[in-house]
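The values are calculated or read from the model by the stated rules, or taken from the named source; none is laboratory data. Computed from a prediction, not measured in an experiment: that's the story for all the values here. Quick reminder, even Gly has a Cβ in these numbers, built from the backbone with ideal geometry, and neighbours come from all protein chains shown. Heavy atoms of the whole protein, side chains included, go into the accessibility calculation; ligands, DNA and RNA do not. Shrake-Rupley method; radii C 1.70, N 1.55, O 1.52, S 1.80 Å.
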Amino acid sequence: MELRQLRSFVVVAEEMNVGRAAIRLHLTQPSLSRQIAALERDLGVELFARVKRRFVLTAAGETFLAEAQDLLRRSDEAVRAAQRTQRGELGTLRLRFVQSATFEPLPRILGAFRRTYPEVVLDLEAWTTLRQTEALRDGRIDVGLLRPTAPAGGTAVVRLTPGLASRVVAEDTLVAVLPARHRLARRKRIRLAELAEEPFVFYSRPSGPVVHDTIVGFCRAAGFTPRIEQDAADVQTIVSLVAAGLGVSLLISPTPPTNPDAVVYRELSDDLPPWQLSVAWSPNNRSPVLARFLELV
């Protein structure tokens with residue numbers, strides 16, 4: 001039994017006239033009659049009968065018609081799904097991102113992608129740059145939003161694994177995070193050295209060794225080693241601890257929205273290099289969904 005036989009049967013059942021059905025199918029009437037006869041032989045049942053010179057479905061034909069229509073509908077859906085997958089409109093995008101990307105670049109990029117490809121499944125999780133590069137190399141994820149190199153001045157640098165491609169999507173700055181009632185909170189800009197005597201709330205090093213070591217390097221270049229009183233694994237916790245008065249901090253912008261009566265962000269007047277945020281992927285990954293994502297980025 002072939003799909004063309006099912007389509008022929010359904011059209012004949014809709015028209016109840018072999019001549020009109022043959023016209024719709026662009027077949028000769030004898031050719032269509034042979035298809036229906038062959039289908040009946042394959043099934044071992046009669047699908048049509050003549051009752052008082054009228055062409056009607058048998059009981060078996062009525063049952064088979066409903067099933068045939070469902071099979072044809074599902075076959076058409078399968079074709080459309082395959083075509084949409086090839087175009088990158090269906091499928092899954094495995095994306096990982098550094099925490100500092102969550103407050104502006106990630107929502108902007110994902111928002112645009114979701115509006116353009118609403119049926120793509122997004123597999124999202126915050127990972128460090130090092131973990132992302134390893135997973136990209138091994139093919140465990142499709143794309144990373146990461147910081148491939150630390151700005152000069154830090155003690156640690158991560159470079160992309162050879163064979164990976166990347167594109168810079170943002171250049172971000174370091175800002176001071178202060179309790180709203182801090183002595184420096186009224187200033188628009190401050191010098192890094194002015195925080196030398198302050199207790200710090202800092203990234204825990206396992207959560208982001210490159211960021212941790214680079215910021216410590218900036219502080220040392222400014223003449224002091226930060227006195228870390230409390231560490232935290234994520235930006236939101238750091239901001240909350242600063243709001244509670246446990247210390248000050250340094251974060252990569254953009255920063256999370258906060259109550260200005262609790263926490264303020266201040267620019268640094270030091271001549272510090274920017275932090276590049278990049279999209280990274282493996283050129284060997286032939287995922288159509290990845291191709292659409294990269295086109296959008």
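If you take the residues in region 192-213 that are part of a loop (DSSP other than H, G, I, E, B) and more than 38 Å from the chain's Cα centre (by Cα), which one is nearest to PRO151 (Cα to Cα)? Steps first, please.
In the first step, residues of region 192-213 are kept if they are part of a loop (DSSP other than H, G, I, E, B); the result is 196-198, 204, 208.
In the following step, the residues that additionally are more than 38 Å from the chain's Cα centre (by Cα) were identified as 196-198.
Details: ALA196: 21, GLU197: 24, GLU198: 24 Å.
So, considering only residues that are part of a loop (DSSP other than H, G, I, E, B) and more than 38 Å from the chain's Cα centre (by Cα), the one nearest to PRO151 (Cα to Cα) is ALA196.
Tell me yes or no: at least one residue of region 280-296 is in a strand (DSSP E or B), open to solvent by less than 30 Å² (accessible area, probe 1.4 Å) and either of a type in the set (Ser, Thr, Tyr) or closer than 14 Å to ASP142 by Cβ (or both).
Looking only at region 280-296, we keep the residues that are in a strand (DSSP E or B), and these are 280-281.
Filter once more, keeping what is open to solvent by less than 30 Å² (accessible area, probe 1.4 Å): 280.
If we keep only those that are either of a type in the set (Ser, Thr, Tyr) or closer than 14 Å to ASP142 by Cβ (or both) too, we end up with 280.
Yes: region 280-296 contains one or more residues that are in a strand (DSSP E or B), open to solvent by less than 30 Å² (accessible area, probe 1.4 Å) and either of a type in the set (Ser, Thr, Tyr) or closer than 14 Å to ASP142 by Cβ (or both).
Could you please tell me which pairs satisfy a Cβ distance under 7 Å, a separation of 6+ or placement on different chains, a first residue in region 249-269 that is crowded, with 16+ Cβ neighbours inside 10 Å, and a second residue that is part of a strand (DSSP E or B) and aromatic (Phe, Trp, Tyr)?
Correct list of pairs: SER249/PHE200; SER249/PHE202; ILE252/TRP275; THR255/TYR265.
Being open to solvent by 60 Å² or more (accessible area, probe 1.4 Å) and not in a strand (DSSP E or B) is true for just one of GLN276, GLN230, GLN236. Which residue is that? Walk me through it before giving the result.
Working: GLN276 fails: not in a strand (DSSP E or B); GLN230 fails: not in a strand (DSSP E or B).
It is GLN236.
Tell me the residue from VAL121, VAL98 that is under 30 Å from PRO257 (Cα atoms), of a type in the set (Val, Ile, Thr) and touching a Leu at 6+ places or on another chain (Cβ under 6 Å), please.
Details: VAL121 fails: touching a Leu at 6+ places or on another chain (Cβ under 6 Å).
Just one listed residue meets the conditions, VAL98.
For region 63-73, does any single residue satisfy the condition of being at pLDDT 90 or above, more than 30 Å from GLU89 (Cα to Cα) and more than 44 Å from the chain's Cα centre (by Cα)?
Within region 63-73, one or more residues are at pLDDT 90 or above, more than 30 Å from GLU89 (Cα to Cα) and more than 44 Å from the chain's Cα centre (by Cα).
Could you please give the count of residues in region 1-41 that are closer than 14 Å to GLY61 by Cβ and not in a helix (DSSP H, G or I)?
Of the residues in region 1-41, 1 are closer than 14 Å to GLY61 by Cβ and not in a helix (DSSP H, G or I).
Helices (runs of 4 or more DSSP H) wholly in region 59-146 with at least 3 residues that are surrounded by 15 or more Cβ atoms within 10 Å (Cβ to Cβ) and among the polar types (S, T, N, Q) - which ones?
Details: elements: 59-86, 105-116, 129-138.
In region 59-146, 129-138 are the helices (runs of 4 or more DSSP H) which contain 3 or more residues that are surrounded by 15 or more Cβ atoms within 10 Å (Cβ to Cβ) and among the polar types (S, T, N, Q).
Going through region 15-39 one residue at a time, which ones are over 50 Å from the mean Cα position of the chain (by Cα), under 16 Å from LEU65 (Cα atoms) and without any contact (Cβ under 8 Å) to a residue 24 or more places away in the chain?
ALA37
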